[in-house]
1. Determine, from the Cβ-Cβ distance of K49 and E106 and an R0 of 30 Å, the FRET efficiency 1/(1 + (r/R0)^6), rounded to the nearest 0.05.
2. Determine the relative contact order of the range 8-144: mean sequence separation of Cα pairs under 8 Å and six or more apart, normalised by residue count, in whole percent.
3. Taking the dipole about the Cα centre of the range 1-87, with the C-beta of Lys and Arg at +1 and of Asp and Glu at -1, give me whichever of I78, A32, L11 is farthest to the positive side.
4. I'd like the per residue volume of the convex hull spanned by the Cα atoms of the chain, given in cubic angstrom.
5. Quick one: work out Rg over Rh on the C-alpha atoms of the range 67-136, Rh as Kirkwood radius.
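What follows draws every value from the coordinates through simple rules; no lab data is involved. Because the structure is a prediction, the values reported are computed rather than measured. Reconstructed Cβ throughout: ideal geometry from the backbone, glycine too, with neighbour counts over all protein chains shown.
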Amino acid sequence: MSGELYSPALLELSSGIGAAHHIPAPDIVETAHSAVCGSTVTVELRIDKTNQTVADFGYEVEACALTKAVLAVMCQAIIGQNFAQIMEAGGRLQRLLDEDETVLSEDWGAWEKLKILETAQDYTMRHHSITLPFRAVANISEITN
């Protein structure tokens, strides 16, 4: 899919993300870094121990608008989700970037706005930075399992 990579809608979505939003007393903090572009995302999670879902979410980011757009969606969608649900959303995003057209018809639930990144399919060098927020959460998932 070709299209405008930095569309007005993507820029608007990413503009809501500041450099950091820290939460008090996170249970887990994890960082993911892209050596390709230098982007870094640190995520902070507080976990609801009764059902193993995310109770609070914080971040620190030094990245482009693409990464910030994903982080903006994550901020809106992650509360109440368990690691499997979050990783499923990250998998859908990766499939979207890999041009799996069937993924567009699936139910993305709270993660629906990630579809805006369909225009990044042709920009394979950007895929790693786009998925950084999910990589950071995946690192946490590996630690806690």
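1. 0.50
2. 29
3. I78
4. 99
5. Details: Rg = 11.0 Å, Rh = 12.0 Å.
Across the range 67-136, the Cα-based Rg/Rh ratio is 0.92.
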